[in-house]
Amino acid sequence: MKQVDALFELIKSLNKSEKGYFKKFVSIYSTGKENNYLYLFNLVDSQKEYDEDKLKDALSKVKKVKWLSSEKKYLHQLILKALRNYHTSESIDNQLSELLTNIQLLHKKALYNQCLKVIEKAKSIATKSEKFTSLLEILHWEKNIYSYNRRSEFSVADSFEKETHIIEKLHNEHCYEKLSFEMSTFTIQERYLRNEETLSKMKKIINDPLLQNERLAISSGAKIMYHNTWARYHEIKSDFIKSKESFKKILEEIDRDPELAIRETFLCISTYNNYLNICLIQDEFEEHRDALNLLQKLVPAIVKLKPESMAIRFFEVQYNHHLAANIGLGNFKDSKTFMPEIEEKLIQYEGKMVRQAELTIYYNLAYTCIGMENYKHAKIWVNKIINDPAIKSSPISQDTYAFALIFNLIIQYELKNYDGLGYYWRSAYRYLFKRKKLYKTENIFLQFFRKNLTGGISKKEIIPAFKQLLKELNKVMQDPFEKQVLNYFDIISWLESKMLNNSFSFVVREKYKNRLKGN
């Protein structure tokens, strides 16, 4: 990925209102009729792609900027300062930061009564929103003022007791956050359980005394982390009913306190994302649609406060789930209408997306293209995964990468690139074998390719070979660990489509209809 100029990237991230505010803000720093920084801002903003040589050439003609590097740094700081002013009071954190600054200023002026009024307001906001760190700082200032302005109604003992209780809540929340993070690490590295060794590590976390009783979680944040840890544990074990129940409890916490969705936006969207994933796995497509609609209703309020970061996160969740729903239903071609928009947004948000979510979009696009029998485009999306050198060594995205290698073999076969299959097979096998987490299903599939396809095989011989492969796969999939493969790619339906001489999408649709009928 090419390096992007920091100033250019920041300016291009601003919306119309933010740009307008900056231009008003920067006029304060004007020393003449024309402001140099505003001139530099407009020049950079006018470029579609950053070109420093053109920038220098334009500046040399008007002699506005002498030292471009230092001026760019200062302009960058000036934009951030303007953004802080523009967005202040929009979030709880900004409100508390502003109130704490006012407390300090009033204290310096010895205006203690005014200071105490601000403290009461800050305490109310911090208590309601469970901002424990800010609350400790507010109580510190309250005690500080007491030493200057003694009040009979103020109790030092009560103040210290409050602080002790807050520290206890802060520590409690920290412990639950740590447990949640440790459990989530497993689902990031491996979406589903592959072996007993991983299960043993997970059990060490889930057996922690704090996770044995919800009442031990003494704040909303701690309760959410408690449920998130259990949800992740059940999810990776493929106990989707229990996992869904735990995720639902988090959504109920959010429903009881709508402001929680605004305060904890990333957690809110991530929980919906996980809940939606389970709906897909359980074939609950109507519930999936309804949950996605509920999330969409929250988006305007969330995006208003955190415009780009949350717009990006919602894009990741929304389109991954639109793609995944059509994959599950076998309606691959229905995704064709919004695929151009996805491609446009991927360019717009390049370098800003959560890496795992970006890779999942590539993966789902490749899967969709296979379902549409557009193998050339499927190859483009798979290559974005397997040609990224950072992914191989990354602790995350390993399953996505592994199955992208499997996808690549299927794509090369469908494109009749039999000569290149040997090279791609060796590449896939080396990675999967080295990883030491090879599904039996993956191994059987790879050996089938090596034996039957890398050297070429006649059309007459391939059908019996496919039948034998299907027989072997159905046998190993009696193992719950092995069955997880179907959540990444429906290999069974792909094989059946070859044997029946039907399209992959037709087989997936028919199997879903049969599941609905209970067959």
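The values are calculated or read from the model by the stated rules, or taken from the named source; none is laboratory data. From a predicted model like this one, the values you see are computed outputs, not experimental measurements. Every residue, glycine as well, gets a Cβ built from its backbone with ideal geometry; the counts of neighbours run over all protein chains shown.
Here are the numbers:
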| quantity | calculated |
| --- | --- |
| Selection count, the range 316-335, where residues are of a type in the set (D, E, K, R) and within 20 Å of Ser493 (Cβ to Cβ) | 2 |
| Yes/no for Phe449 being in contact (Cβ under 8 Å) with a residue 60 or more places away in the chain, of a type outside the set (Lys, Arg), closer than 20 Å to Phe433 by Cα and in a helix (DSSP H, G or I) | no |
| Subset of the range 114-157 (residues that are among the charged types (D, E, K, R) and either closer than 21 Å to Gln95 by Cα or modelled with pLDDT under 85 (or both)) | Lys117, Glu120, Lys121, Lys123, Lys128, Glu130, Lys131, Glu137, Glu142, Arg150, Arg151, Glu153 |
| Out of Tyr319, Tyr367, sole residue that is at pLDDT 95 or above and among the hydroxyl-bearing types (Ser, Thr, Tyr) | Tyr367 |
| Identity of the residue in the range 125-146, among the polar types (S, T, N, Q) and part of a helix (DSSP H, G or I), that ends up farthest from Asn172 (Cα to Cα) | Asn144 |
| Those residues of the range 190-223 which are more than 30 Å from Tyr401 (Cβ to Cβ), in a helix (DSSP H, G or I) and at pLDDT 90 or above, in sequence order | Pro209, Leu210, Leu211, Glu214, Arg215, Leu216, Ala222, Lys223 |
| Residue selected from the range 84-112 under the condition in contact with a Leu (Cβ under 9 Å, 6 or more places away or on another chain), surrounded by 15 or more Cβ atoms within 10 Å (Cβ to Cβ) and modelled with pLDDT under 80, by the criterion nearest to Ile125 (Cα to Cα) | Ser91 |
| Qualifying residue in the range 22-37 (condition: surrounded by fewer than 14 Cβ atoms within 10 Å (Cβ to Cβ), in a helix (DSSP H, G or I), of a type in the set (S, T, N, Q) and at pLDDT 80 or above) | no |
| Flag for Tyr363 being of a type outside the set (Lys, Arg), over 24 Å from Met310 (Cα atoms) and touching a helix residue (DSSP H, G or I) at 6+ places or on another chain (Cβ under 9 Å) | no |
| Ile347, sole failed condition from (1) β-branched (Val, Ile, Thr); (2) touching a Phe, Trp or Tyr at 6+ places or on another chain (Cβ under 8 Å); (3) within 19 Å of Ile385 (Cβ to Cβ) | (2) |
| Every residue from the range 328-357 that is assigned to a loop (DSSP other than H, G, I, E, B) and over 21 Å from Ile278 (Cα atoms) | Phe338, Tyr349, Glu350, Gly351, Lys352, Met353 |
